[in-house]
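As structure tokens, the structure follows; a few thoughts come after it.
None of the figures in this text is laboratory data; all of them are computed from the coordinates on show. Predicted model only: the values in this text are computed from it and were never measured. Reconstructed Cβ throughout: ideal geometry from the backbone, glycine too, with neighbour counts over all protein chains shown.
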């Protein structure tokens, strides 16, 4: 039996993207998506539901998102689920699930661009350049906070 960890999401940013750097200089970005859906309840009324998802972005994609996206931007995220674990100051163990983005595609207009301009955030060829595999390995060894 093979394992599969793949996520595809389309949603709107709930806040402006954040970008910080690890001690080795690798960019790390955080975004939060609101994913809307509708369904018909048992009494026949249409109900709206919102799911909020935190997404972490590594490498040049994090910088590109910070530069071109803003609260409300519509994006497509392809990635995988990742468990984050930490301990509070009181010694309590905490966990939460995040999506680790492999690819971000801009579906709406970017800051200062024409409406409906589709752009894709991909790792650049200029330094620092990482293939997806190299980026994952480096990112997993570093703690971004």
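A few comments on the model shown:
- With all pairs of separate Cα atoms included, region 7-126 yields a Kirkwood hydrodynamic radius of 15.7 Å.
- Among 83, 1, the order by Cβ neighbours within 10 angstrom, fewest to most, reads 1, 83.
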